[in-house]
Amino acid sequence: MRERARYGAVPSVEKALGSLPVVAAFAARLRIRDVIDGLCPVDDRSELTHGQVIEALVANRLTSPEPLVRVQDWAGGYAVEEVFGVRPQQLNDDRVGRALDAIASQVDSIVGSVGAQAIEVFGIDVSRIHWDMTSFSVYGEYEHAEQEYAVPKFGHPKDRRPDLKQVQAGLAVAADGGVPVFHRAYDGGAGEVAQVIPMMKALQEIATTRRLLIVGDTKLVSYNNLAAMHADKVTFVAPASKVYVSAETLAGLDLDLATPVDYVAARDQGKDPATLGTWHVYEDTMTLAGPRKKDPVLTLRRVFVHSSARAQAATVARAKKLDRATDDLARLTRGLGSRHYPDTAAVETRLAVIAKTRRVVAYLRTTTGTDPDTGKPTLSWHFDQEAIDAEAAGDGWYALLTNLEADQADAAQVLLHYKGQEAVERRYSAFKGTLAVAAIYLKTNRRITAMITVVCLALLIFSLIERQVRAALRAQGRTTVAGLYARRPAVPTTRLIFQALASMRLIPATSGNPHTIPQPTPLQLEILDLLDVNPLEWC
């Protein structure tokens, strides 16, 4: 008789290997598993340590940053068992949740230990740090949130989801390679200004240099923050908001007195020099008094910066909002006396809306009344040209405050320090883009706090990979890798590196035969050599 066929599971001959050996190698150099296992031990009955689970989650975030459900399915398709020694079924949702619960209370110690390890092992220069905060939307009410962890709250979300609660995260990124050496999770409603001093103290503990320069945004500037940094001999550079440097002060500046700066914005690299924007700086000093009479007065260097591109953008933006306001006012004028605008009160209500939404409050002048013959509302309006000209005089100008001495950095160098702030913005882009942390759903805010640390550990590895490849190329007198992007030379980024390695596969061991990795391409071998990673050592 002919044997009948039957349904059954067919084992996959190959598994995706991709960048897993690279991730494992960098995680080992950072001692992520050892640090977590030392701080969060498990009992003898556990098949996996918390460090193993978190290490696998970090790899998951880097290779398949999708919503955090059914991690075991991802692990089954990738060579996770062969590289990390973790069977797919061991990464069930319950085990992942317990690992997140375990590390939540130790995230500060984990961050400090791994950050210090990164600085030491990779020789990261942390003399200049860029600091910024961002928000992440979360689904759920979290009515019974644990107060010792980041509490989701409604706030001012930067991803434009006001319908969702948010948590916040702060990143401290080294100018050397844009490496995030420190992070912390915060409540959704936490004020950014109040987080500066704790961040500074934490950085001082892990930094290997006594000289520390912190570069931030306007939230860095408050009397208490600047006084604390000055007292601890920490230098800073940050833009001043209009609270500290008024629009009138900026409008009164004379570009002819400013000094040109040899700087080309990243977006302008490779463009015709004749079309490039120009930068100028002008310096003076200002004093900042404390809230109490006994507080010492701070004397700061104030570096005024003029950007021609910023000035042009302001001119274009102003013209657009004036045009839109003009259209709205013309429609309102045509509708006077209609059912929508039957009286003066309705007209004035609409005028207030137009002025606010089109942002023309500063120069819209209106007069309303009632026609004695018809009883219909009347309206006359115009834009105050003097007010427009006064605002335009400040176009392109902003002010940077610093306590750096002139012999440490002249006005031009202060600007260049500040322009490095783009490094932290790039990392946030990877945080929310490449690593795909969009609106996340986790059962408790304890796990949200832990998950932010998982993602930041992934971001640390993500950044170190790019830094290492570029440093290796510099040592060879090169800046690009041949064939990295569309078979053309390209400056390496981690995204391109991961794409190049994505096709690497692994054939699991069978019948006494060892694991087999099909021969990598020449491009893959070059990347692995630049990273100093031998995948055969990790499988």
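The values are calculated or read from the model by the stated rules, or taken from the named source; none is laboratory data. Computed from a predicted model, the values in this text were never measured in an experiment. Here the Cβ positions follow ideal geometry from the backbone for every residue, glycine too, while neighbour counts run over all protein chains shown. Ligands, DNA and RNA are stripped out before the accessible areas are found, and what is left, the full protein with its side chains, is counted by its heavy atoms. Shrake-Rupley method; radii C 1.70, N 1.55, O 1.52, S 1.80 Å.
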* To do: Test residue 11 against the stated conditions and say whether it is loosely packed, with under 14 Cβ neighbours inside 10 Å and at pLDDT below 90.
  => yes
* Does the stretch 168-197 hold any residues that are over 15 Å from residue 115 (Cβ atoms) and without any contact (Cβ under 8 Å) to a residue 60 or more places away in the chain, and which are they? -> 168, 186, 187, 188, 189, 190, 191, 192, 193, 194, 197
* Scanning for something within 27 Å of residue 514 (Cα to Cα) and open to solvent by 30 Å² or more (accessible area, probe 1.4 Å), does the stretch 114-122 turn up at least one residue? -> no
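A quick yes/no check of all residues on (1) modelled with pLDDT of 85 or more; (2) within 19 Å of residue 36 (Cβ to Cβ); (3) among the basic types (Lys, Arg):
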position	(1), (2), (3)
119	yes, yes, no
124	yes, no, no
128	yes, no, yes
133	yes, no, no
136	no, no, no
145	yes, no, no
149	yes, yes, no
152	yes, no, no
* Residue match in the stretch 344-356 (condition: touching a Gly at 6+ places or on another chain (Cβ under 9 Å) and of a type in the set (Asp, Glu)) -> no
* Check the stretch 48-59 and report whether any residue there is buried (at least 22 other Cβ atoms within 10 Å of the Cβ) and hydroxyl-bearing (Ser, Thr, Tyr). => no
* Those residues of the stretch 524-539 which are of a type in the set (A, V, I, L, M, F, W, C), at pLDDT 90 or above and open to solvent by less than 60 Å² (accessible area, probe 1.4 Å), in sequence order -> 527, 528, 530, 531, 533
* State all residues of the stretch 425-439 that are open to solvent by 40 Å² or more (accessible area, probe 1.4 Å), farther than 14 Å from residue 159 by Cα and at pLDDT below 75; if no residue qualifies, say none. => 434
* Determine, yes or no, whether residue 129 is touching a helix residue (DSSP H, G or I) at 6+ places or on another chain (Cβ under 7 Å), open to solvent by less than 20 Å² (accessible area, probe 1.4 Å) and assigned to a helix (DSSP H, G or I). => no
* To do: Determine whether the stretch 412-424 contains at least one residue that is open to solvent by less than 20 Å² (accessible area, probe 1.4 Å) and either on the phi > 0 side of the Ramachandran plot or in contact with a Lys or Arg (Cβ under 8 Å, 6 or more places away or on another chain) (or both).
  => yes
* To do: Please determine, by comparing only the residues of the stretch 390-411 that are in contact with a helix residue (DSSP H, G or I) (Cβ under 9 Å, 6 or more places away or on another chain) and open to solvent by 30 Å² or more (accessible area, probe 1.4 Å), which one is farthest from residue 325 (Cα to Cα).
  => 393
* Quick check: anything in the stretch 186-200 polar (S, T, N, Q), loosely packed, with under 14 Cβ neighbours inside 10 Å and over 30 Å from residue 311 (Cα atoms)? -> no
* Among the residues listed as 292, 302, the single one being part of a loop (DSSP other than H, G, I, E, B) and open to solvent by 30 Å² or more (accessible area, probe 1.4 Å) -> 292
* Asked: Considering only residues of the stretch 261-277 that are at pLDDT below 80 and either touching a Ser or Thr at 6+ places or on another chain (Cβ under 6 Å) or of a type in the set (D, E, K, R) (or both), which is surrounded by the fewest Cβ atoms within 10 Å (Cβ to Cβ)?
  -> 272
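Yes/no matrix, rows are residues, columns are (1) among the polar types (S, T, N, Q); (2) at pLDDT 95 or above; (3) assigned to a helix (DSSP H, G or I):
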{"residue": "350", "(1), (2), (3)": "no, yes, yes"}
{"residue": "356", "(1), (2), (3)": "no, yes, yes"}
{"residue": "361", "(1), (2), (3)": "no, yes, no"}
{"residue": "366", "(1), (2), (3)": "yes, yes, no"}
{"residue": "369", "(1), (2), (3)": "no, yes, no"}
{"residue": "375", "(1), (2), (3)": "no, no, no"}
{"residue": "378", "(1), (2), (3)": "yes, yes, no"}
{"residue": "381", "(1), (2), (3)": "no, yes, no"}
{"residue": "390", "(1), (2), (3)": "no, no, yes"}
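This table checks each residue for (1) more than 17 Å from residue 83 (Cβ to Cβ); (2) touching an Asp or Glu at 6+ places or on another chain (Cβ under 6 Å); (3) open to solvent by 60 Å² or more (accessible area, probe 1.4 Å).
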| residue | (1), (2), (3) |
| --- | --- |
| 472 | yes, no, no |
| 484 | yes, no, no |
| 494 | yes, yes, no |
| 501 | no, no, no |
| 508 | no, no, no |
| 517 | no, no, no |
| 522 | yes, no, yes |
* To do: Take the residues in the stretch 370-387 that are touching a helix residue (DSSP H, G or I) at 6+ places or on another chain (Cβ under 8 Å) and open to solvent by 20 Å² or more (accessible area, probe 1.4 Å), then tell me which one is farthest from residue 309 (Cα to Cα).
  => 370
* Asked: Within the stretch 86-108, which residues are under 19 Å from residue 27 (Cα atoms) and either open to solvent by 50 Å² or more (accessible area, probe 1.4 Å) or touching an Asp or Glu at 6+ places or on another chain (Cβ under 6 Å) (or both)?
  -> 87, 106, 108
